[in-house]
1. For segment 10-30, indicate whether the set of residues that are under 18 Å from the mean Cα position of the chain (by Cα), closer than 17 Å to residue 181 by Cα, modelled with pLDDT of 85 or more and part of a loop (DSSP other than H, G, I, E, B) is non-empty.
2. In the set 199, 163, which member is within 18 Å of the chain's Cα centre (by Cα), crowded, with 20+ Cβ neighbours inside 10 Å and more than 25 Å from residue 75 (Cβ to Cβ)?
3. Where residues in segment 33-55 are more than 13 Å from residue 70 (Cα to Cα) and in contact (Cβ under 8 Å) with a residue 60 or more places away in the chain, which of them is surrounded by the fewest Cβ atoms within 10 Å (Cβ to Cβ)?
């Protein structure tokens, strides 16, 4: 991971990661049932907090809806859309909303991480897979570490959190520098709980927002 050269760059990267995660959570979780099952979103955050939406939706109204949702998120200054309308599939209704299962890109990142291990995998193996999932969810500023003496860690230049699975409970602990990052990680944990039969509960009581987390 490239080290930022100034504190301003570090802060900007942290803000961009939080905005990216916040928009993805809004599209993939909070407004999950407002898009068709085949909808697929990717979110980029560029200079001056401009958000670009890419991917595919089922109709033109969904493009306008996705832009409106993204624009309403805290910290977003502008939204550009490069979303494309999917060709109708055989037997599909244009207004078909998505099923209960997650289907968009952020949720698929979670599902893909979980699918790398079988139901017989240990809690430690599941913890590692979920740490990788969180790093992908946060974006290119995040990376994982697995100290031999402790739980897997997801870190950026500004914060780190520990991921631990024990007896069907996901525990997320650590300090992050702002409420936006806190909300993003808690949103990811909610996606995990929806996506995995191995996770029955999420404990984030030891995850806190602290200005000096970095």
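1. So far as segment 10-30 goes, no, none of its residues is under 18 Å from the mean Cα position of the chain (by Cα), closer than 17 Å to residue 181 by Cα, modelled with pLDDT of 85 or more and part of a loop (DSSP other than H, G, I, E, B).
2. 163
3. The qualifying residue surrounded by the fewest Cβ atoms within 10 Å (Cβ to Cβ) is 33.
The values are calculated or read from the model by the stated rules, or taken from the named source; none is laboratory data. Computed from a predicted structure; not experimentally measured. Here Cβ is always computed from backbone atoms with ideal geometry, including for glycine, and neighbour counts include all displayed protein chains.
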